[in-house]
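S.K.: Let me give you the structure first, and then I'll get to my questions.
The values are calculated or read from the model by the stated rules, or taken from the named source; none is laboratory data. Keep in mind the model is a prediction, meaning the values are calculated, not measured. Here the Cβ positions follow ideal geometry from the backbone for every residue, glycine too, while neighbour counts run over all protein chains shown. Heavy atoms of the whole protein, side chains included, go into the accessibility calculation; ligands, DNA and RNA do not. Shrake-Rupley method; radii C 1.70, N 1.55, O 1.52, S 1.80 Å.
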Amino acid sequence: MGLKTHTKVTLVVRREEVSGASPPETRIRRYVHIGTGNYNHRTARTYTDLGLLSCREDLGADLTDLFNALTGYSRQQSYRKLLVAPVNLRRSLLHFIQREIDHAKNGRHGRIVAKMNALVDPEMIQALYQASQAGVKIDLIVRGTCCLRPGLVGISENIRVISIIGRFHEHSRILYFHNHGQEEIYIGSADWMPRNLDRRIEVVVPIDDPNLAKELETMLGTMLADNRRAWELQSDGQYVQRRPRSQLTSQDSQSLFMAMTTQTTQHQ
């Protein structure tokens, strides 16, 4: 009650036969889909989004708890794997940033990459400033409004912000934390805004499968290297479009992703 449901999640519960069981047995199995974008056939044509389809027991149990909370049957305050706003998402994100700060202060590599639609939350911006001052290297891909100013001397010198404006509407949210080599990567529905962190139901899920995590890291790297559709935010609040030195060095991330998808489809 009183919260907008902005998360994009599906839970399917099936009774299935247990393979090879004698006598025949059945079991209940839960399938989950956790996405970054709306279940909308119109926006699906122009938005770039990501989704995780899984039958992992811990994710299924978490989504069951979440749907029970949404329907009013419980007031769930803890989850096994999911980060849920307004329950534990803000606290978890601040913890992850502080962890990178602690690594940097102890002489270890600190690194954060975050992709979102908007960054306006004062507490999150302040935490990123503190991380920059501690020596954490931060790359932000923020399609829309960004109230953080990168490159300010003594405040945000270790922060770089880009916005990718191309044929498709960049809509996915991806978070990467280096964590001293124990890398963690997440996708979800939440931007870093007070309404998303405090007044909406949002879900962010860790991507634990190493192959999927590596794929997301590669995607982030491709976007950060974009020199065709990327606009870089300056310390004075102005955006400057990146330009390739030559056609040979041109890198358009959206075109690259389209080509990769086409190749994968052809191989299948």
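S.K.: Would you pick out the residues in the range 243-267 that are assigned to a loop (DSSP other than H, G, I, E, B), within 23 Å of residue 217 (Cα to Cα) and free of Cβ contacts under 8 Å to residues at least 60 places away in the same chain? Break it down into steps so the answer makes sense when it comes.
M.R.: Pass one, the range 243-267, residues assigned to a loop (DSSP other than H, G, I, E, B): 243-246, 250-252.
Checking the rest, the ones that are also within 23 Å of residue 217 (Cα to Cα) come to 244, 250-252.
244, 250, 251, listed by residue number.
S.K.: Determine if the range 59-68 includes at least one residue that is open to solvent by less than 80 Å² (accessible area, probe 1.4 Å), free of Cβ contacts under 8 Å to residues at least 40 places away in the same chain and closer than 30 Å to residue 137 by Cα.
M.R.: In the first step, residues of the range 59-68 are kept if they are open to solvent by less than 80 Å² (accessible area, probe 1.4 Å); the result is 59-68.
With free of Cβ contacts under 8 Å to residues at least 40 places away in the same chain added as a condition, the list becomes 61-62, 65, 68.
Filter once more, so that each one left must be closer than 30 Å to residue 137 by Cα: none.
No, that holds for no residue.
S.K.: Same structure again: Would you mention how many residues in the range 171-205 are among the hydrophobic types (A, V, I, L, M, F, W, C), in a strand (DSSP E or B) and more than 20 Å from residue 33 (Cα to Cα)?
M.R.: Going residue by residue through the range 171-205, those that are among the hydrophobic types (A, V, I, L, M, F, W, C) are 174-175, 177, 185, 187, 190, 192-193, 197, 201, 203-205.
Adding the requirement that they be in a strand (DSSP E or B) leaves 174-175, 177, 185, 187, 192, 201, 203-205.
Filter again for more than 20 Å from residue 33 (Cα to Cα), leaving 177, 192.
Number satisfying all stated conditions: 2.
S.K.: Mind checking which residues of the range 144-170 are assigned to a loop (DSSP other than H, G, I, E, B), surrounded by fewer than 21 Cβ atoms within 10 Å (Cβ to Cβ) and under 19 Å from the mean Cα position of the chain (by Cα)?
M.R.: At the first step, the residues of the range 144-170 found to be assigned to a loop (DSSP other than H, G, I, E, B) are 144-145, 147-158, 165-168.
When the remaining residues are screened for being surrounded by fewer than 21 Cβ atoms within 10 Å (Cβ to Cβ), the result is 144-145, 147, 149, 151-155, 157, 165-168.
Answer for the range 144-170, where residues must be assigned to a loop (DSSP other than H, G, I, E, B), surrounded by fewer than 21 Cβ atoms within 10 Å (Cβ to Cβ) and under 19 Å from the mean Cα position of the chain (by Cα): 144, 145, 147, 165, 168.
S.K.: Given 85, 104, 61, 69, which one is of a type outside the set (Asp, Glu) and over 30 Å from residue 29 (Cα atoms)?
M.R.: Values: 85 fails: over 30 Å from residue 29 (Cα atoms); 61 fails: over 30 Å from residue 29 (Cα atoms); 69 fails: over 30 Å from residue 29 (Cα atoms).
Within the list 85, 104, 61, 69, the selection yields 104.
S.K.: Can you find, within the range 69-84, the residue that is nearest to residue 170 (Cα to Cα) among those that are at pLDDT 95 or above and surrounded by fewer than 17 Cβ atoms within 10 Å (Cβ to Cβ)?
M.R.: Within the range 69-84, the first condition is being at pLDDT 95 or above, and the residues that meet it are 79-84.
Checking the rest, the ones that are also surrounded by fewer than 17 Cβ atoms within 10 Å (Cβ to Cβ) come to 80-81.
On the way: 80: 29, 81: 26 Å.
Only one residue fits best here, namely 81.
S.K.: Which of the residues spanning the range 157-168 are in contact (Cβ under 8 Å) with a residue 60 or more places away in the chain and either touching a Leu at 6+ places or on another chain (Cβ under 9 Å) or within 16 Å of residue 219 (Cβ to Cβ) (or both)? Steps first, answer last, please.
M.R.: Going through the range 157-168, the residues in contact (Cβ under 8 Å) with a residue 60 or more places away in the chain turn out to be 160-168.
Answer for the range 157-168, where residues must be in contact (Cβ under 8 Å) with a residue 60 or more places away in the chain and either touching a Leu at 6+ places or on another chain (Cβ under 9 Å) or within 16 Å of residue 219 (Cβ to Cβ) (or both): 160, 161, 162, 163, 164, 166, 168.
S.K.: Could you tell me how many of the residues in the range 85-102 are in contact with a Lys or Arg (Cβ under 9 Å, 6 or more places away or on another chain), buried (at least 22 other Cβ atoms within 10 Å of the Cβ) and not in a strand (DSSP E or B)?
M.R.: Just the residues of the range 85-102 that are in contact with a Lys or Arg (Cβ under 9 Å, 6 or more places away or on another chain), to begin with: 85-86, 100, 102.
Filter again for buried (at least 22 other Cβ atoms within 10 Å of the Cβ), leaving 85, 100.
In the following step, the residues that additionally are not in a strand (DSSP E or B) were identified as 100.
Number satisfying all stated conditions: 1.
S.K.: Still on this structure, please answer the following. Run down 193, 219, 223 and say which single residue is open to solvent by less than 10 Å² (accessible area, probe 1.4 Å), in contact with a Ser or Thr (Cβ under 9 Å, 6 or more places away or on another chain) and hydrophobic (A, V, I, L, M, F, W, C). Even if it seems obvious, please write down each step before you answer.
M.R.: Values: 193 fails: open to solvent by less than 10 Å² (accessible area, probe 1.4 Å); 219 fails: open to solvent by less than 10 Å² (accessible area, probe 1.4 Å).
When all the criteria are applied, what remains is 223.
S.K.: Can you name every residue in the range 7-58 that is under 20 Å from residue 175 (Cβ atoms), open to solvent by less than 30 Å² (accessible area, probe 1.4 Å) and either without any contact (Cβ under 8 Å) to a residue 40 or more places away in the chain or part of a loop (DSSP other than H, G, I, E, B) (or both)?
M.R.: As a first pass, look at the range 7-58 and keep what is under 20 Å from residue 175 (Cβ atoms): 7-9, 32-38, 47-54, 56, 58.
The next check asks that each one be open to solvent by less than 30 Å² (accessible area, probe 1.4 Å); those that pass are 7-9, 32, 34-37, 52, 54.
Residues satisfying the conditions are 7, 32, 36, 37, 54.
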